[in-house]
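Single-structure report; data block below.
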């Protein structure tokens with residue numbers, strides 16, 4: 001188990017380097033001279049040229065990437081922001097808690113709502129409840145997150161005045177963003193739970209459990225749900241990873257200073273080191289979440305656990 | 001002669017079967033009808049739209065929906081209905097072309113990886129893992145920032161960002177087919193690898209690809225609208241649903257109709273594509289239907 005874990009962590013390194021290369025390349029071809037950005041429009045041509053030389057901007061592409069990758073791997077250093085002059089990691093760490101809080105509450109909401117509703121839908125397949133739920137789930141998947149966010153603000157902040165339209169520090173302020181960001185995940189997890197439960201419920205061992213007179217609740221929650229959990233966990237993990245990096249739009253609508261907003265602002269200001277560090281950070285957390293999901297399987301499913309040994 | 005005819009008939013009957021099954025699914029047919037209507041709207045936008053999408057009328061700013069302006073007017077007095085009608089062109093164009101880009105590139109990568117296996121597969125799929133590690137929207141944002149905001153670049157960005165999904169899908173389908181006997185027969189008959197992949201393998205794994213592509217168009221439209229919404233996609237005054245939403249956002253307190261209608265247009269489009277995708281999944285592979 002530990003060996004497997006260590007191997008997976010090691011396998012992350014080439015992926016991270018690959019991500020670093022892609023982002024480095026994209027920013028390399030992005031118009032805008034970093035030296036000019038740092039010094040501002042007022043600076044003289046000579047000072048810009050001098051700074052270019054100092055920063056190594058005149059070196060060939062691969063030399064520059066080599067230096068960047070070396071610093072990344074050996075010193076875990078991704079440079080300083082052009083704008084605030086603070087280390088990029090510090091910039092990211094100031095905004096990460098907001099994103100984590102937002103993504104965490106959204107996924108929690110999705111699990112708490114999605115799994116029970118999915119189970120009921122599966123047990124009562126083709127009932128009115130099931131049909132209505134599936135329709136709502138489809139609408140949830142089709143709803144653009146930024147439009148849902150605006151509608152929620154319109155209804156609950158502007159018309160009813162119940163909840164604030166921005167911020168993230170209080171529980172009240174978190175409700176709307178978490179619902180907006182989580183809506184799609186709620187729908188996806190509901191659908192997944194339903195189809196996964198439907199598949200399991202037809203298995204022989206469920207019929208067996210029922211025919212030996214097992215209590216129906218026990219059949220559903222212990223025998224069926226236990227086995228239906230794997231695809232649900234997979235999709236929840238994927239969703240959580242996606243929420244961490246994909247909260248850009250939600251953060252922008254509710255003015256939450258998270259990692260997505262930092263990235264968009266940095267791109268607009270051509271603050272390349274922050275963009276690079278941000279994408280790397282998101283990619284690393286995304287990969288780690290996926291790794292954790294894989295590990296979680298082992299606890300849910302003894303069949304998988306035995307493979308690791 | 002006879003066998004050729006039979007073969008043709010058989011080919012036809014498979015798709016006829018799919019169509020017959022699809023036709024029974026009311027939701028999917030509804031989705032299909034909406035998509036056809038959208039295409040017609042996009043093609044005949046010049047006739048349908050009562051006003052030009054950019055003609056400003058500063059005497060009639062912020063009009064709420066009325067008989068003259070069905071969906072009201074925006075901050076420049078432009079007719080929102082007309083802008084939504086023209087916006088359908090952009091959304092469909094971006095959605096379908098972006099999916100075309102990711103399908104062609106991702107599909108080729110997946111087919112090559114799945115067919116040849118070994119080191120080449122390893123290399124290609126590890127590259128896909130790298131792309132997968134970056135959330136789609138962030139990757140699209142970075143690409144658009146690098147290339148500059150324009151419709152073509154938006155399509156490229158959205159297309160590239162969803163390549164790995166198609167590569168994985170096609171690879172899995174190809175792997176499930178490549179060991180079958182008819183492939184071996186084709187190889188024994190001397191078909192080239194290219195011919196085997198294109199003529200024998202791909203037609204046999206179309207089902208999941210079609211489903212994924214249909215839903216992929218919905219995702220591409222959403223991503224593109226999202227990018228325009230944060231100002232990195234299509235720039236005003238081009239009527240794009242996402243940028244219309246972003247324009248209406250500043251006036252949401254007083255003129256909510258400006259955000260309402262573009263959003264409805266977008267949601268109906270996405271919903272229709274998802275309904276059709278779900279229906280196609282059931283129709284193409286009846287085994288999967290529960």
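Size check on the range A:192-275: the Cα extents along the three principal axes, sorted descending, read 67, 21, 15 Å. Annotation: the protein assembly as shown has a Kirkwood hydrodynamic radius of 26.4 angstrom, from the mean reciprocal C-alpha pair distance. For the peptide A:145-157, the mean number of other protein chain Cβ atoms found within 10 angstrom of a residue's Cβ is 5. Between 0 and 90 degrees, the angle of helix A:225-246 with respect to the longest Cα principal axis of chain A falls at about 20 degrees.
Structural descriptor for chain B: relative contact order 25 percent, calculated from alpha carbon pairs under 8 angstrom and at least 6 residues apart. Across chain A, the relative contact order, built from alpha-carbon pairs under 8 Å that are at least six residues apart, equals 25 percent. Between the Cα long axis of helix B:2-24 and the first principal axis of chain B there is an angle of about 40°, rounded to the nearest 10. Seen against the Cα atoms of chain B and their longest principal axis, helix B:136-147 is set at about 70 degrees.
Please work out the Cα center distance from the range A:174-226 to the range B:193-249, rounded to the nearest Å. Centre-to-centre (Cα) distance: 31 Å.
FRET efficiency for the residue B:16 to residue A:58 pair, using the beta carbon distance and R₀ = 60 Å, is estimated at 0.40. Rounded, prolate or oblate: pick one for the range A:89-308, where a ≥ b ≥ c are the square roots of the eigenvalues of its C-alpha gyration tensor, a/c under 1.5 means rounded, and failing that, prolate if a/b is larger than b/c, else oblate. Taking the square roots of the gyration eigenvalues as a ≥ b ≥ c, the range A:89-308 is oblate.
Remark: relative contact order (the range A:73-195) = 37 percent; criterion is Cα-Cα distance under 8 angstrom and separation of 6 or more residues.
The separation of the range A:101-125 from the range B:120-140, counted between C-alpha centres, amounts to 29 Å. Modelled this way, with points 7 Å down the Cα-to-C-beta line, the labels at residue A:90 and residue B:187 are 6.0 nm from one another.
Each value in this text was obtained by applying a stated rule to the coordinates, not by laboratory testing. None of the values given here were measured: they were computed from a predicted structure. Cβ: placed from backbone, ideal geometry, glycine included. Neighbour counts: every protein chain shown.
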